[in-house]
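Colleague: Below: one structure in structure tokens.
The values are calculated or read from the model by the stated rules, or taken from the named source; none is laboratory data. The structure presented is a predicted model; accordingly, all values stated were derived computationally and were not measured. Heads up, the Cβs are rebuilt from the backbone with ideal geometry, glycines too, and the neighbour counts pull from every protein chain shown.
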């Protein structure tokens, strides 16, 4: 059943058309993601759905008694209200309904044939069921803990930071469980653990949801449908982000248009998802199978739990076979550094080296010390103890406050402070517009003052300015905040082509997985772990370790097994002839296939090439080559693992 319909919606601001003849329906239980460029109409569509913005033409039809709730970007609270009271204020209707339900139960004890009371009780029970409001106090406590608001429980909510206030509003809205939930960039100001909790709440609560997000994993985990707003029109795709990429590519191929940049973007995204995420998932499935088997055995033998924990801990810090080149220039060296802010220990006995081509993500909970490490690297803070050495090189810094921008200057003045209209980028002398169009700026924006731009546009200017500098190391603090997905993809492309080191703080799991080769994980209480896992894989293993720790603390009742002589498993002593041949020939086969795939992709980026052969044929050939590559890689990995076991034996 459609809870809401938009029919023939038109919306324009002055001469700019935002939405043109848009039809949209939201059905019960759907979770719909809205994607598209910043300024393309995503927030406009959401405001029309909410009912706070009138369309120029068209109709909004909301079913009777349907309640719509929307996350406020700039929350407002009553004076003198603490955090817990602010959340409870949002739940007054539900709390009153529960109180009345309990009151009716008492009245029915002495008047159990009262039809009016029975009818009211039934109505209240349905209402409480729909909003999952039977144990609100427990849920409030849980959300205070998971959104890191427990420490502020009795603090004045109006004295919190903007991000903390948004978490308070989000907590109240999720617990309120409106019939239709609208969320505009809900993962901003949430760390990865909070995002996972939010995903879990939405999925368990079976919300009807319409949301805007640049977090591609968040979209993929939640969306049952993805709608894209492009040039005022709305296009719908089943499923999440990965399916959107596949369907969008097929759409472009069927239209046979020369969308070179978009095709390159889609191919790059799809290749990364297929080669990176899916290959990792295969490994995870094997590991998880071992976990399940050992869990079953652990019920009979608790000592296996410790063994499994050790295995997972080792895997969490696995080096993935990569080797650091000694020839690389050393940028930073830290030995047993320690840093406190006030009474809070943020970094304890941390030792690491950062080399010239490192790609390092600094991740972990909010407030754990990530930004403090950035300030130490930038020279804004000194360490309390330990050794910290920095080489002689230039740093380019992107901060969330965009301090490198002067709001009184226009774009040309920003990029050409000494006059003219040309800029040097990576050894090329370019016109400012030629460079800025790569960051999705139209020519008419060149004379706009920075101060009149939106938050997302300012971020794009700051990133463009950063990549125009000659630096050896980029330090980025939450670079994907306020960016749309197309701009994040541009950022990823520039980072991947950058020759120096990149060190960044981010909670965007997809972005971290795609860019980082190494993680500095802030665990709290000064502990910083160094890991070479992909971030999603690290988080998955971390969850499994927590589950095993819970198993260790629970009581086991092992069954008495008859004592039988078990045959000890003998490790392999040598490879078979076939395995030896494969070990010799597979690397060359894989290299040949990868070279062919590279050539096809180069052709797909060149109109003269792909027009001659045909996009459909090229895409089909690429798909076949990539499909045949994966099994070869898997087979080689298995043989190499066997060789490793033999060497250990």
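Colleague: In this structure, is residue 366 assigned by TED's automatic domain parsing to the domain that holds residue 520, in a loop (DSSP other than H, G, I, E, B), within 21 Å of residue 459 (Cα to Cα) and modelled with pLDDT of 85 or more? Let's see the steps before the verdict.
Modeller: Values: assigned by TED's automatic domain parsing to the domain that holds residue 520: yes; in a loop (DSSP other than H, G, I, E, B): yes; within 21 Å of residue 459 (Cα to Cα): no; modelled with pLDDT of 85 or more: yes.
No; evaluated as a whole, the condition is false for this residue.
Colleague: Sticking with this one: Looking at (1) exposed (fewer than 13 other Cβ atoms within 10 Å of the Cβ); (2) modelled with pLDDT under 85, which is the one condition that is false for residue 425?
Modeller: Every condition holds for residue 425 apart from (1).
Colleague: I'd like to verify a number: residues in the range 1-50 that are in a loop (DSSP other than H, G, I, E, B) and in contact with a strand residue (DSSP E or B) (Cβ under 7 Å, 6 or more places away or on another chain), how many? Quick ask: steps written out before the conclusion?
Modeller: Going residue by residue through the range 1-50, those that are in a loop (DSSP other than H, G, I, E, B) are 1, 14-15, 28-30, 36-41.
Those still in the list that are in contact with a strand residue (DSSP E or B) (Cβ under 7 Å, 6 or more places away or on another chain) too: 1, 28, 30, 36, 40-41.
Residues that pass the stated criteria total 6.
A quick yes/no check of all residues on (1) more than 21 Å from the chain's Cα centre (by Cα); (2) free of Cβ contacts under 8 Å to residues at least 12 places away in the same chain; (3) within 27 Å of residue 28 (Cβ to Cβ):
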| position | (1), (2), (3) |
| --- | --- |
| 139 | yes, no, yes |
| 148 | no, no, no |
| 157 | yes, no, no |
| 178 | yes, no, yes |
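Colleague: Let me ask you something else. Considering only the range 551-560, I want to know if a residue exists there that is in contact with a helix residue (DSSP H, G or I) (Cβ under 9 Å, 6 or more places away or on another chain), modelled with pLDDT under 75 and assigned to a helix (DSSP H, G or I).
Modeller: Filtering the range 551-560 for residues in contact with a helix residue (DSSP H, G or I) (Cβ under 9 Å, 6 or more places away or on another chain) gives 551-552, 556.
After this cut, where a residue has to be modelled with pLDDT under 75 as well, the list is 551-552, 556.
From what's left, assigned to a helix (DSSP H, G or I): 551-552.
Yes: one or more hits.
Colleague: To continue, here is another question. Give me the pairs, please: first residue somewhere in the range 426-444 and under 17 Å from residue 466 (Cβ atoms), second residue anywhere and part of a strand (DSSP E or B), beta-carbon distance under 8 Å, and either six or more positions apart or on two chains.
Modeller: Close Cβ pairs (under 8 Å, with a partner that is part of a strand (DSSP E or B)) amount to 430/422; 430/423; 430/424; 432/422; 432/423; 435/423; 435/425.
Colleague: Residues of the range 507-532 being in a loop (DSSP other than H, G, I, E, B) and more than 21 Å from residue 331 (Cα to Cα), which ones?
Modeller: The answer is 507, 508, 525, 526.
Colleague: What is the number of the single condition among (1) closer than 21 Å to residue 40 by Cβ; (2) surrounded by fewer than 21 Cβ atoms within 10 Å (Cβ to Cβ) that residue 485 does not meet?
Modeller: Checking residue 485 against (1) closer than 21 Å to residue 40 by Cβ; (2) surrounded by fewer than 21 Cβ atoms within 10 Å (Cβ to Cβ), the one that fails is (2).
Colleague: Mind listing just one residue for me: the one in the range 51-74 that is touching a strand residue (DSSP E or B) at 6+ places or on another chain (Cβ under 6 Å) and in contact (Cβ under 8 Å) with a residue 60 or more places away in the chain and, of those, nearest to residue 458 (Cα to Cα)?
Modeller: Taking the range 51-74 first, the residues touching a strand residue (DSSP E or B) at 6+ places or on another chain (Cβ under 6 Å) are 55-63, 66, 68-71.
This time we only want the ones that are in contact (Cβ under 8 Å) with a residue 60 or more places away in the chain, so: 63, 66, 68-71.
Numbers: 63: 39, 66: 38, 68: 32, 69: 29, 70: 25, 71: 23 Å.
Selected residue: 71.
Colleague: Right, here's the next one. Say whether the condition of being within 31 Å of the chain's Cα centre (by Cα) and under 28 Å from residue 219 (Cβ atoms) is met by at least one residue in the range 428-436.
Modeller: Looking for residues that are within 31 Å of the chain's Cα centre (by Cα) and under 28 Å from residue 219 (Cβ atoms), one finds at least one in the range 428-436, hence yes.
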